[in-house]
Amino acid sequence: MTRNGNALRLLAFAFAAMDHGSLRQAARALNVGESSVSRNVLKLEQLLEMQIFERDFRGVRLTEAGRAWTNVARARYDGLLDALMLCARDNKDENTLRIGLCWLTGGEFLRRLIDRFASRYPDVSLTIEDIPVGECLSAIRRRRLDIVFTHDLGSVTACRCEVFWQERLFVLLPPRHSLIDKPAIAWTDLADMRLLVPAGSEEPKPDMRLLERIAAGGGPAVQVCRANQATIFLKVQLGQGVTLAEESHAQNFTIDSAIWKPLQGQNSVSSISAVWLDSNPKRPVLRLITMAGHMAAGALGQRSRVQSGSSRGAIDKSRRGRQ
């Protein structure tokens with residue numbers, strides 16, 4: 001490798017040529033001579049034993065083999081640069097925990113978790129921001145964010161992903177709906193309705209995987225509306241469809257002439273997962289994850305005790321009835 005020059009230098013010249021489509025423009029961007037760019041790109045091609053660029057009077061463009069190679073190499077190159085920058089950075093942000101939220105709409109568990117963490121570790125500075133689903137894994141891998149809380153992302157590679165919390169879903173029914181007296185509702189009960197989902201610029205993005213499963217399982221047709229949540233509630237009141245929310249979210253909103261009903265059966269639970277890097281050296285990340293695990297385990301134990309107590313009460317009542 002040494003006879004071919006510094007590897008990062010070769011890559012920098014090649015990617016600059018790719019970005020600008022011209023050796024001359026790449027040279028200007030790098031503040032070097034055009035011959036230097038040409039020479040280093042050629043060294044990289046010799047090292048790889050592959051032609052990366054086609055050259056003509058218009059500039060350079062990737063060959064088919066070059067495009068396949070850069071699709072893989074560019075992401076790793078950017079990641080390596082980020083890692084080097086992080087190592088060179090001082091430790092001034094070691095006590096800053098950057099949290100991303102993706103797709104979340106309810107999240108009472110998350111609110112209690114962050115509030116408890118802030119109380120226990122007041123020396124840690126917390127930053128919280130929304131992150132689009134298409135960027136959350138990249139933000140974690142590149143350490144722009146330390147941890148992301150989200151719904152189902154499907155298969156996740158190069159990052160750690162763990163479900164910490166599950167919350168029952170509720171559906172908002174319009175007035176005088178035929179199911180208004182049922183204690184709980186299944187999605188199939190609403191097959192002839194429209195499930196209204198807000199997609200306003202200020203609204204959290206919906207859990208599209210959950211919505212796809214609901215529609216595929218015989219539930220209502222999903223209608224994504226260019227509207228905020230208040231408009232969606234109005235549409236429900238007018239009988240134009242139904243909408244859904246996590247239990248903690250539904251309990252905080254009383255809607256005139258409409259009623260929240262719990263869902264049961266398949267796709268009636270929303271999960272909150274955390275995504276992070278195991279290699280992240282920040283202690284606050286590990287502390288937050290550990291606290292989340294303890295809170296989730298404690299809540300699960302409390303639920304089990306409540307359910308067990310309810311079962312024993314039902315058994316005692318049955319015995320008294322027989323006596």
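Cβ crowding within 10 Å ranks Ser279, Ser248 as Ser279, Ser248, fewest other Cβ atoms first. Per-residue extension of 0.36 nm, minus the Cα-Cα distance of Ala75 and Thr290, leaves a gain of 74.3 nm for this segment.
Is the shape of the range 1-74 best called rounded, prolate or oblate, per the rule: a/c under 1.5 gives rounded, else a/b larger than b/c gives prolate, else oblate, with a ≥ b ≥ c the square roots of the Cα gyration tensor eigenvalues? Oblate, since a/c reaches 1.5 and b/c is not below a/b. The loop-placed chymotrypsin sites (Phe, Trp or Tyr not before Pro) in the range 32-78, going by DSSP, that have at most 14 neighbouring Cβ atoms within 10 Å of their Cβ come out as Phe57. Take every DSSP beta bridge whose two residues both sit in the range 118-245; close to 35 percent of them are antiparallel.
When you restrict to C-alpha pairs under 8 Å that are six or more residues apart and normalise by the size of the range 2-88, the relative contact order lands at 24 percent.
Here the Karplus curve 6.51 cos²θ - 1.76 cosθ + 1.60, taken at θ = phi - 60°, turns the phi angles of the range 178-186 into couplings of 5, 9, 4, 8, 6, x, 8, 10, 9 Hz, with x standing for Gly and Pro. Here the Karplus curve 6.51 cos²θ - 1.76 cosθ + 1.60, taken at θ = phi - 60°, turns the phi angles of the range 276-287 into couplings of 7, 9, 4, 7, 5, x, 5, 5, x, 5, 4, 5 Hz, with x standing for Gly and Pro.
The amide H of Val222, built 1.01 Å from its N in the peptide plane, has Leu195 as neighbours under 5 Å, considering only residues 5 or more places off or on other chains. Quick check on the range 167-270: take the gyration tensor over C-alpha atoms, sort the square-rooted eigenvalues as a ≥ b ≥ c, and tell me if it's rounded (a/c under 1.5), prolate or oblate. Rounded is the answer for the range 167-270, as its axis ratio a/c remains below 1.5.
Taking all Cα pairs closer than 8 Å and separated by 6 or more residues, the relative contact order of the range 125-257 comes to 29 percent. The residues Lys282, Lys43, when put in order of fewest to most other Cβ atoms within 10 Å, stand as Lys43, Lys282.
Only the coordinates and a few stated rules stand behind these numbers; no lab work does. Not measured: the values here are computed from a predicted model. Backbone-built Cβ (ideal geometry, glycine too); neighbour counts: all protein chains shown.
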